[in-house]
Structure formats: structure tokens, C-alpha cells
1. Checking the conditions here, which among Ala237, Ala179, Ala194, Ala233 is assigned to a helix (DSSP H, G or I), within 14 Å of the ligand (Cβ to nearest atom), within 16 Å of Pro106 (Cα to Cα) and touching a Cys at 6+ places or on another chain (Cβ under 8 Å)?
2. Being among the hydrophobic types (A, V, I, L, M, F, W, C), without any contact (Cβ under 8 Å) to a residue 60 or more places away in the chain and crowded, with 24+ Cβ neighbours inside 10 Å is true for just one of Val54, Val26. Which residue is that?
3. Considering each of Glu146, Glu126, Glu131, Glu170 in turn, give the residue that is surrounded by fewer than 16 Cβ atoms within 10 Å (Cβ to Cβ), touching a residue at least 24 places away in the same chain (Cβ under 8 Å), in a loop (DSSP other than H, G, I, E, B) and among the charged types (D, E, K, R).
4. Are there any pairs, at least 6 apart or on different chains, whose C-beta atoms fall under 9 Å, with the first in region 180-192 and over 20 Å from His61 (Cα atoms) and the second assigned to a loop (DSSP other than H, G, I, E, B) and within 8 Å of the ligand (Cβ to nearest atom), and if so, which?
5. Answer yes or no: is there a residue in region 71-79 that is more than 16 Å from the ligand (Cβ to nearest atom) and either surrounded by fewer than 19 Cβ atoms within 10 Å (Cβ to Cβ) or at pLDDT below 95 (or both).
6. Could you grab me the full set of residues in region 149-167 that are crowded, with 22+ Cβ neighbours inside 10 Å and either out of contact with any strand residue (DSSP E or B) (no Cβ under 9 Å at 6 or more places or on another chain) or outside any loop (DSSP other than H, G, I, E, B) (or both)?
7. Scanning region 1-55 for residues that are part of a loop (DSSP other than H, G, I, E, B) and small (Gly, Ala, Ser), which turns out nearest to the chain's Cα centre (by Cα)?
8. For Ala40, which of the numbered conditions (1) of a type in the set (Gly, Ala, Ser); (2) in contact with a Gly (Cβ under 8 Å, 6 or more places away or on another chain); (3) more than 20 Å from Asn89 (Cβ to Cβ) fails to hold?
Amino acid sequence: MSVDPPRIGLIGGTGLDQPELLEARVERPMTTPWGTPSAAPVLGEMAGVPVVFVARHGLEHEWPPHRVNYRANLAALQAAGARVVVGLNAVGGIASWLGPGCLALPDQLIDYTWGRCQSLWDGPGEMRHVEFTDPMAPPVHACLCEAGRRLEVAPTPRGVYGVTQGPRLETRAEIERLARDGCDMVGMTLMPEAAIARELGLAYACIALSVNWAAGRGARGLHVEMTESMAAATAAALALLRAALPALAALPWPSRDESFT
Ligand code: HPA
């Protein structure tokens, strides 16, 4: 695969999966050593910054969280020139400060998923135990936090994201357990995305948008809350992303090693 000049990689999740978010779009279909991404990467611009976008669940939302080809999505972004990647992930709020429509910038995660392709390295041969103490790349997370401070809907600059298997939503007892474990939010897609990004040497961080109270935490049905809050949550996440992009583009471009994580 050829490697293009640097641009910011974006992985759009539920509610943020349309390439029309970009200006001056050009589709760049490709395959990777791990197969084809969920949708063809789209090159374009956002806030005047060159970006490359992949719809995590595909353009028709056809890939459920446990079947997304996370490896191919990230490898395709890298081949299209991404060194910094921002994931946009819808979550349910567990902490009292993360109601529907609010944003958080998680700095930690707990992985409850199983049976997903968790690593680039699946057979004999080269393998590295990448450090993952801080699963979000600090410079990217810091840029998002700094941009968030300037916004009206200021995101909480920390939080523990519990990653569940899905595609079903959780039980009350599962959310109580996640809360006891210290999770502030629950979603289905941060892993293995964050770990594979680290293995590829990409500087990755997540913008989490709360679209519902986690199971048992709200007074109404989760789908009612999702329908009602999706527009506000996606608008807030996009505002944050646009505010952060110039600073992300100004980060020193790392080589393919772990010095920037
Ligand atoms: N649970 C898991 N994933 C989610 C949720 C939730 O409540 N909301 C959005 N993604």
C-alpha cells in the first residue's frame, strides 16, 4: 500500500457515519493486509484541515460492533496518510454528569468484549506487547480537552469507558457492575479500536457522545432517549472536533514508533 501525505484520520460512529461531513470529498477504496474497511475511506477537508474518514459501521450501518473490521479500518486510515486518529463513539451515560447530549473525553477504558480480533498479530512471527497504560494518546487527548474548554457544551475531560460486546444493550445488573468497576460510560466500539491503533503506531483518542442514560439509570426507554438526543449530541461532537482540528494538524508528526503515545 502506498502512504499518502499526513492528514487527520476520523472514525465516525453511530449518528456520525456520513462522509458528507467532509468538504471536497474523494473516495479512496482500498484493501489492507487485514481485509477491507467497513466503508471506503473518504479524503476531504474539515475546518480547512485535510482529513480521511471511515464510517465505522459502514455507510448503511451494516457492521455491528462485534463484526467491525477494526484492523482494516485503522490500517486503511494509516495508508491514506493518517498518523493521528480521532474516534467518535456514541455511549450511554453511567456517571451523573454524562446525561444524553453531553460529551466526554475518556482517558481510560475497561474492556469487557470477547471474541473480537484484538491484535494485528494473530499468528507466529513478529509481535510486540505495546504499552497501554494510558490508552488515549496524551497529545491528542490534550488537544481535544483544550478545544473543549473553549466550547459552550464543554466536554468532561476524563472518564472511564467500559466497552461491552453488544449488539444488545446491557442489563441493569451489568451497568451496576460497570459502575462498581469505576466506569463512567458504556459503549461497544472503543476496543479493540484503541489497542490496534496503538499497535499500528497511530496516535488515537476518542470523543464520546452520550446519547442515552445507561440501562436502569434513566426514567425512560433507551431508544426514546437516543432518538431525542442524537441530533444535539452529534452537533456537539462535531463542534468539538472542528474546534480541535487545527491544533491536531499542528501536532508534530510522529514517525512510526511509540514516542508520541
Ligand atoms: N450501551 C452500550 N453502547 C451504547 C449505549 C449503551 O447504553 N448507548 C450508545 N452506545
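The values are calculated or read from the model by the stated rules, or taken from the named source; none is laboratory data. As the structure is a prediction and not an experimental result, all values here were calculated from the model. Please note: Cβ atoms are built from the backbone with ideal geometry, for glycine as well, and neighbour counts cover all protein chains shown.
1. Working: Ala237 fails: touching a Cys at 6+ places or on another chain (Cβ under 8 Å); Ala179 fails: touching a Cys at 6+ places or on another chain (Cβ under 8 Å); Ala194 fails: within 14 Å of the ligand (Cβ to nearest atom).
Ala233 is the lone residue from the list that is assigned to a helix (DSSP H, G or I), within 14 Å of the ligand (Cβ to nearest atom), within 16 Å of Pro106 (Cα to Cα) and touching a Cys at 6+ places or on another chain (Cβ under 8 Å).
2. Values: Val26 fails: crowded, with 24+ Cβ neighbours inside 10 Å.
When all the criteria are applied, what remains is Val54.
3. Numbers: Glu146 fails: in a loop (DSSP other than H, G, I, E, B); Glu126 fails: touching a residue at least 24 places away in the same chain (Cβ under 8 Å); Glu170 fails: surrounded by fewer than 16 Cβ atoms within 10 Å (Cβ to Cβ).
Unique residue meeting the criteria: Glu131.
4. So the pair list comes out as Cys183/Ala214; Met185/Ala214.
5. Looking only at region 71-79, we keep the residues that are more than 16 Å from the ligand (Cβ to nearest atom), and these are 71-79.
Within this subset, residues satisfying the condition of being either surrounded by fewer than 19 Cβ atoms within 10 Å (Cβ to Cβ) or at pLDDT below 95 (or both) are none.
For region 71-79, residues more than 16 Å from the ligand (Cβ to nearest atom) and either surrounded by fewer than 19 Cβ atoms within 10 Å (Cβ to Cβ) or at pLDDT below 95 (or both): absent.
6. Taking region 149-167 as the starting set, the residues that turn out to be crowded, with 22+ Cβ neighbours inside 10 Å are 155, 159, 161-164.
Result: Tyr161, Gly162, Val163.
7. Taking region 1-55 first, the residues part of a loop (DSSP other than H, G, I, E, B) are 1-6, 13-18, 22, 28-31, 33-34, 36-41, 47-48.
Retained after the next criterion (residues that are small (Gly, Ala, Ser)): 2, 13, 15, 38-40, 47-48.
Values: Ser2: 24, Gly13: 7, Gly15: 13, Ser38: 14, Ala39: 16, Ala40: 17, Ala47: 19, Gly48: 21 Å.
Once the filter is applied, the top-ranked residue is Gly13.
8. All conditions are met except number (2).
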